[in-house]
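*Asks:* Pasting a structure here, questions to come.
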Amino acid sequence: MSDNRFFKNDLPDGIDLGSEVAIDCETMGLDPNRDRLCLVQLSDGDGNVCFIQIGPGQMEAPNLCALLASPDILKLFHFGRFDIAILYHTFKVLCSPVYCTKIASKLARTYTDRHGLKDLLKEVLGLDIAKHLQSSDWGSPDLTPAQLEYAASDVIYLHRLKRELDIRLKREGRAALAEACFGFLPERAILDISGWRDVDIFAH
């Protein structure tokens, strides 16, 4: 049975979510330099979720930031590039080390161009999740149970996805390449924040 907890502004003292934590963010839009962070959800891999509601103008969350920066905790994301960027823009903390299931999918599942979380969960884990609340008012002070259920679905399966994708990456001989991409991902997020989001710096 899940043990979901809702907090305002920060994690409380003393919470231990283990050495691998799945993380996702809900925001007012998709521009990390313009749109504010509203909700951070974290899962320990056992079906439990901690929700942290972030207030307008909030710039500090010491316990959350300690987790994000801890070298002993692997942070799991799906499209981590955005989440890492918005967390850095909000709190000036850079997540590391990280793992991104979308990058892993693109390296392991080259037979498809469907790498969104819904498609990935359906094929790899046989799960069908609803995404109709993806675009909703996450800045509301009173989030609905349906919104929180949607937000939870973005993190509770990432540990299982990682295990399955790791098998495929190893099978295809791309595990080391994936690790190199994950290592660069925080810097890619900083490039986005710094004005190079739409520029391929590796192009001629």
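The values are calculated or read from the model by the stated rules, or taken from the named source; none is laboratory data. Please read these numbers as outputs of a predicted model, since none were measured by experiment. For neighbour counting, all protein chains shown are included, and Cβ atoms are generated from backbone atoms with ideal geometry for every residue, glycine included. Quick note on the areas: whole protein, heavy atoms, side chains included, nothing else; ligands and nucleic acids left out. Shrake-Rupley method; radii C 1.70, N 1.55, O 1.52, S 1.80 Å.
*Asks:* Can you find a residue in the stretch 123-136 that is under 16 Å from the mean Cα position of the chain (by Cα) and either buried (at least 16 other Cβ atoms within 10 Å of the Cβ) or hydrophobic (A, V, I, L, M, F, W, C) (or both)? Reasoning before the result, please.
*Replies:* Taking the stretch 123-136 and keeping what is under 16 Å from the mean Cα position of the chain (by Cα), we get 131, 134.
Now drop any that are not either buried (at least 16 other Cβ atoms within 10 Å of the Cβ) or hydrophobic (A, V, I, L, M, F, W, C) (or both), which leaves none.
No: zero hits.
*Asks:* Then there's this: So, in the stretch 83-93, of the ones that are more than 8 Å from the chain's Cα centre (by Cα) and not polar (S, T, N, Q), which residue ends up farthest from residue 152 (Cα to Cα)? Step through it out loud before you land on a result.
*Replies:* Taking the stretch 83-93 as the starting set, the residues that turn out to be more than 8 Å from the chain's Cα centre (by Cα) are 85-93.
Within this subset, residues satisfying the condition of being not polar (S, T, N, Q) are 85-89, 91-93.
Numbers: 85: 20, 86: 19, 87: 18, 88: 22, 89: 23, 91: 22, 92: 25, 93: 23 Å.
Applying the filter and picking the extreme gives 92.
*Asks:* Do any residues in the stretch 46-74 that are of a type in the set (Asp, Glu) have Cβ atoms under 6 Å from those of residues that are outside any strand (DSSP E or B) and open to solvent by 10 Å² or more (accessible area, probe 1.4 Å), where the two are at least six apart or on different chains, and which pairs are they?
*Replies:* Going by the 6 Å Cβ cut-off, there are no qualifying pairs.
*Asks:* Moving on to the next point. Could you please find all residues in the stretch 89-117 being loosely packed, with under 15 Cβ neighbours inside 10 Å and either charged (D, E, K, R) or assigned to a helix (DSSP H, G or I) (or both)?
*Replies:* 92, 113, 114
*Asks:* On the basis of being of a type in the set (Gly, Ala, Ser) and either assigned to a loop (DSSP other than H, G, I, E, B) or closer than 18 Å to residue 80 by Cβ (or both), does residue 146 make the cut? Show your work before the answer.
*Replies:* On the way: of a type in the set (Gly, Ala, Ser): yes; either assigned to a loop (DSSP other than H, G, I, E, B) or closer than 18 Å to residue 80 by Cβ (or both): no.
The answer is no for residue 146.
*Asks:* Go through (1) among the β-branched types (Val, Ile, Thr); (2) over 19 Å from residue 196 (Cβ atoms); (3) touching a Cys at 6+ places or on another chain (Cβ under 8 Å); (4) in contact (Cβ under 8 Å) with a residue 40 or more places away in the chain one by one and return the number of the condition residue 90 breaks.
*Replies:* For residue 90, the failing item is (3).
*Asks:* Strands (runs of 3 or more DSSP E) wholly in the stretch 1-61 with at least 2 residues that are open to solvent by 40 Å² or more (accessible area, probe 1.4 Å) - which ones? Walk me through it before giving the result.
*Replies:* Details: elements: 5-8, 20-27, 37-43, 49-53.
The qualifying strands (runs of 3 or more DSSP E) are 5-8.
*Asks:* From the list 178, 146, 203, 130, which one is in contact (Cβ under 8 Å) with a residue 24 or more places away in the chain and either among the aliphatic types (A, V, I, L, M) or more than 23 Å from residue 40 (Cβ to Cβ) (or both)? If you could, list the steps in order and put the result at the bottom.
*Replies:* Values: 146 fails: in contact (Cβ under 8 Å) with a residue 24 or more places away in the chain; 203 fails: in contact (Cβ under 8 Å) with a residue 24 or more places away in the chain; 130 fails: in contact (Cβ under 8 Å) with a residue 24 or more places away in the chain.
Going through 178, 146, 203, 130 in turn, the sole match is 178.
*Asks:* (1) modelled with pLDDT of 95 or more; (2) of a type outside the set (Gly, Ala, Ser); (3) in a loop (DSSP other than H, G, I, E, B); (4) touching a Ser or Thr at 6+ places or on another chain (Cβ under 6 Å): which one isn't true of residue 120, the others all being true?
*Replies:* It fails just one condition, (3).
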